[in-house]
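No lab work stands behind these numbers, since they all come straight from the coordinates. Just so it is clear, the model here is predicted, and its values are computed rather than measured. Ideal geometry is used to build each Cβ from the backbone, glycine not excepted, and the neighbour counts take in all protein chains shown.
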Amino acid sequence: MSGDLRDLYQEVIFDHYKRPRNQGALDAPSHRAEGHNPLCGDRVTVYLKIDNGVVQDLRFEGAGCAIATASASLMTEALKGRTLDEVEALFRDFHALVTDASGDAAPDLGKLEVLAGVREFPARVKCATLAWHTLNAALRNRKQPVTTE
Amino acid sequence: MKMEHEVLAKPADAPLDVARLRADFPILAERVNGRPLVYLDNAATTQKPRAVLDALAMYYEHDNANVHRGVHTLSQRATDAYEAARANVARFVNARMPEEIVYTRGTTDGINLVAQSFARPRLAPGDEILISAMEHHSNIVPWQLVCGQTGARLRVAPVNDAGELVLDAYAAMLGPRTKLVAITHVSNALGSITPIRQIIALAHAANVPVLVDGAQAIAHLPVDVQALDCDFYAFSGHKIFGPTGIGVLYGKAAHFEAMPPYQGGGDMIRSVTFEKTEYNDIPYKFEAGTPNIAGAVGLGAALDYVRHAGIEAIDAHERELLADATERVMRIPGVRIIGTAKDKAGILSFTLDGVHAHDVGTILDHEGVAIRAGHHCAMPVMTQFGVAGTARASFALYNTREEVDALVAGIERVRRMFG
């Protein structure tokens, strides 16, 4: 690990950790999945309401560390109102953002880019991606909890 | 391979010369993120002194051969080194004889051996195995497996809010159906030292044999298996400055004699035909296949090292560090110490209000301070304390007050960052 701690723990991350957006269960979701990283204990449930191929609403419950919680919160903000095609593209771009150590991947992800610092902290990538992989599982109706460990 | 140097007995009350000991551990010169390494994850694994690294190299460079087989010189030297290390282990824990020492891969392997070879043939449906609420998964899951195989029941003696075994409740759970007690000497998650002598005496009064999980005790407390009168004592080499992949299961000779082999293969037999196989004597009956010879030699060197430093002096030094660290960490706002038993070994487990243990771990790592963050393979006890995990600093003989300073400064930095 050689990254600067401030690149990882940015103010936006603290803000979303301490005041998570869209946290709590969603009534009558059309899609739902659970994520669990047993080694660190982080758990997240992602709820979606999809209508006409558009994310009408999504919320999350749980999470854990600052990175996992902030990532889940930022994800819900970023995806509300998006089409499923846009969601798929964002999932791919976000994954590249936090895993491409070369930094060559420079997708335009707006606010989500505050999580780019995670790629300098390999042990924490799993925290940033848990909510996203859980979302992915929800869209594919997977019943088994997903993990990123 | 010969151990040439004489190990001089030190007076028990001589304090450790920590600066000198530190120079024996090459890895302690490492820098992490531009800072000197402060290694406080000794409950996970300990670092290795030069004497152990040299013993491994010497063995491979001069003596390497298979044991108990060839008539050639190297085979004899390898066998001598392997068996000398066994005798060394026997002396270290004060076993009656080297035959009571079985080499394993580690503590987990030793516990599984006892579960399958000692417990399983004795268990009938409704029988009970008694453990405590603060066991490591390695002293829970092997018993769940054997319970599944036999219809026996796993019972759990309670631990109070300080992390101490509730001895009365434990005693009340010992009954005619109890076939084995399996309990830790030191809790890896809480640091509690269990009243192991009383635990064993109470079990024996009810005719129940006892296995002690010594993984967290062996490098920190004096262990005398005869004084304890335990039936089995398991520990890992890598937690006492030895290599990974080597461990020890002490067992009373009468138990080992009566037990069927754990695994079949070479070295554990006396004669084999397709009709009938005669097993070897103890301890070889439990050592199927080519063993971890170099690991055993390295473990022997590690025990020499600890003996030379003096286990009482190590214990005293770590208790001082723990007391200092506890007192200072407690004063940081939002800190909750998990595990406040009266009698504790050098393990400080804590949570920081509003901060996940992994964030604590990442920020401390940035300061060069290595601690463990998570559930410490002891999820049931984490559940009892209502936490998903803790941050854990654990001490060894080479840690210093200055390293406690670095720990405290690191936690204070976390506190400032998270507000």
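For B:M259, B:M97, B:M417, B:M379, which order do you get if you count the other beta carbons within 10 Å of each Cβ and list the fewest first?
The fewest-first ordering by Cβ neighbours comes to B:M97, B:M417, B:M379, B:M259.
Were the residues from B:H204 through B:Y60 laid out at 0.36 nm apart, the gain over their Cα-Cα distance would be 47.4 nm.
Extension gain, B:R319-B:R416: 0.36 nm per intervening residue step, less the Cα-Cα distance, totals 32.1 nm. Residue separation of B:T383 and B:A44 scaled by 0.36 nm, minus their Cα-Cα distance, works out to 120.0 nm of gained length. Can you list the residues of the range B:314-356 with backbone N under 14 Å from a point 7 Å past the Cα of B:A14, pointing along Cα to Cβ? Label zone hits: B:314. Backbone amide hydrogens, once placed in the peptide plane, bring B:T184 within less than 5 Å of B:S132, B:D213, excluding anything fewer than 5 places away on its chain. According to the square roots a ≥ b ≥ c of the eigenvalues of the Cα gyration tensor, what is the shape class of the range A:28-149, taking rounded for a/c under 1.5, prolate for a/b larger than b/c otherwise, and oblate for the remainder? Judged from the Cα gyration tensor, the range A:28-149 comes out oblate (a/c at least 1.5, b/c at or above a/b). Per residue, the Cα convex hull of the range B:88-237 amounts to 103 Å³. Remark on B:G70: its backbone amide H falls under 5 Å from none of the residues 5 or more positions apart or on other chains, H modelled at 1.01 Å from N.
Amide H to amide H, with H built 1.01 Å from N, B:H356 comes under 5 Å of A:A66, counting only residues 5 or more places away or on other chains. Its DSSP H runs of at least 4 residues, each contributing -39,500 (n - 2.57), put the calculated 222 nm mean residue ellipticity of chain B at -10500 deg cm²/dmol, to the nearest 500. Peptide B:365-377 shows a mean partner chain C-beta count of 2 within 10 Å per residue C-beta.
For a test of the definition: using alpha carbon positions, the gyration tensor, and the 1.5 limit on a/c, classify the protein assembly as shown as rounded, prolate or oblate.
Numbers: a/c = 1.86, a/b = 1.61, b/c = 1.16.
Cα axes put the protein assembly as shown in the prolate bin.
The Cα atoms of the range B:56-307 define a convex hull whose projected area, averaged across directions, is 13.8 nm². In whole Å, what is the distance between the alpha-carbon centres of the range B:320-375 and the range B:64-122? Centre-to-centre distance over Cα atoms comes out at 37 Å.
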